[in-house]
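Asks: Encoded as structure tokens, here's the structure I'll be asking about.
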Amino acid sequence: MNELLAQALELMLAGMGFVFVFLILLIIATSLASKIITRYFPEPVASSAPVSKAPSAPAPSQVDAQLLSVISAAVKEYRSRHKK
């Protein structure tokens, strides 16, 4: 029984040691990859030229009446199927 417990303890320490070493190597590899990527592929510098904005959403009065009725029907159908 004492020999079995010693073997279990040895196996546990070996497993924990292996996981610890693997995680340290993983941290080193990730840090190294990050440094390599930032060195050869730096973040693009934002230009100071004004950027044209995308057109804003149409005002509620400009929404097509048919589209509004279709959306309302879809919401009503969804709510009728998913009542709590």
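Each reported figure results from applying straightforward, stated rules to the coordinates on display, with no laboratory input. Note that this is a predicted model, so its numbers are computed, not measured. Cβ placement follows ideal geometry from the backbone for every residue including glycine, while neighbour counts extend to all protein chains displayed.
Asks: Convert each backbone phi in region 8-15 into a coupling constant with the Karplus relation 6.51 cos²θ - 1.76 cosθ + 1.60 (shift: θ = phi - 60°), then list the ³J(HN,Hα) values in order as whole Hz, x for Gly and Pro.
Replies: Result, ordered by residue: 5, 5, 5, 5, 5, 5, 5, x Hz.
Asks: In sequence order, what are the phi-derived ³J(HN,Hα) couplings for region 40-47 according to the Karplus relation 6.51 cos²θ - 1.76 cosθ + 1.60 with θ = phi - 60°, rounded to whole Hz, with x for glycine and proline?
Replies: 8, 10, x, 5, x, 7, 5, 7
Asks: Sticking with this one: Which three extents, in angstrom, do the Cα atoms of region 1-43 have along their principal axes, listed largest first?
Replies: So the three principal-axis extents are 61, 9, 6 Å.
Asks: Let me ask another. For the pair Tyr78/Leu5, report the inter-label distance in nm, with labels modelled 7 Å from Cα in the Cβ direction.
Replies: Inter-label distance under the simple model: 6.3 nm.
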